[in-house]
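Have a look at the structure below, then the notes.
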Amino acid sequence: MSVRSPWGPTLAFRRAGALLEANALPIQNSQSKIDDEAGEARNLLFLARERDADVTAVDFAEEGLRAARRRAEAAGISLKTTAADARTWRPGRPFDAVLVTFLHLLPEARAESYRRLRDALVPGGLLLAEWFGDAHADKGRFAEIGPPTPKRLISAHELREHFPQGGIEVLEETERDLDEGPILKGRAAVLRFAWRKPIS
């Protein structure tokens, strides 16, 4: 079942910006960005507006991409979209930055997913991601949102295993109140991650 977001573009930009600003990351102007599992592409639209970025949204759900295109058109922003399965899709070129939000694959698919994310970056490129962390399995403390099984939650240990630690700029386990539309709303344990691909 898909649920349309009630937000208008201005509010969506502000909320997306909060995630990027919370990490205090040096995302530069006029670079190419791609959002894997983009949904309605709030993060990309924020970057396109605030940083003049060349942005591409990828998601398996065509309805979410249609909503993203409507938001972009209403804001006068150029947005490229691709409907694809994140488990198998390969970009035609590497990007300066890759954004991933709440992409929760089963364990057997994640190692390949991490490799694809690394390969999607130019040398020196930045991966910025947010997932439900493994602490979110405590349903006594957190909202009944997120992956249907704890196997899909992400741990900091797992990320350290799959991304060279010299490139890790942010690895933060924290709690926050999600307000990402009707589906992702409530208290959550999240894992925020930023990794920069080595130049050599």
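For each of Ile183, Ile77, count neighbouring Cβ atoms within 10 Å of the residue's Cβ, then give the residues from fewest to most.
Taking fewest neighbouring Cβ atoms as first place, the list is Ile183, Ile77.
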Exercise. Could you tell me which of Thr149, Leu178, Gln165 has its Cα farthest along the dipole of segment 147-187 towards the positive end, charges placed at Cβ (Lys, Arg +1; Asp, Glu -1), taken about the Cα centre?
Key: Thr149
Exercise. Mind putting a number on the dipole of segment 101-200 about its Cα centre? Charges go on the C-beta only, +1 for Lys and Arg and -1 for Asp and Glu, and I need it in Debye to the nearest 20.
Key: 200 debye
Quiz prompt | Those residues of segment 135-166 whose amide nitrogen sits under 14 Å from the label point placed on Leu106, 7 Å along Cα→Cβ | solution = 148-153
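How much length, in nm to one decimal, is gained on full extension between Leu184 and Lys139, taken as 0.36 nm per residue of separation minus their Cα-Cα distance?
Working: separation 45, 0.36 × 45 = 16.20 nm, distance 1.46 nm.
Computed gain between Leu184 and Lys139 is 14.7 nm.
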Self-check item: Net charge contributed by nearby residues that have their C-beta within less than 14 Å of Arg141 (K/R +1, D/E -1)
Solution: -3
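Quick check on segment 92-200: of the DSSP beta bridges with both residues there, what percent are antiparallel, nearest 5%?
Details: 18 of 25 bridges.
If I count the DSSP bridges inside segment 92-200, around 70 percent turn out antiparallel.
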Practice problem: Arrange the following residues from fewest to most other Cβ atoms within 10 Å of their Cβ: Thr82, Thr101. | Solution: Thr82, Thr101
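The numbers here are math on the coordinates, done by the rules we state, and not lab data. These numbers were taken from a predicted model, which means no experiment stands behind them. Cβ coordinates were reconstructed from backbone atoms using ideal geometry, including for glycine residues, and neighbour counts include every protein chain displayed.
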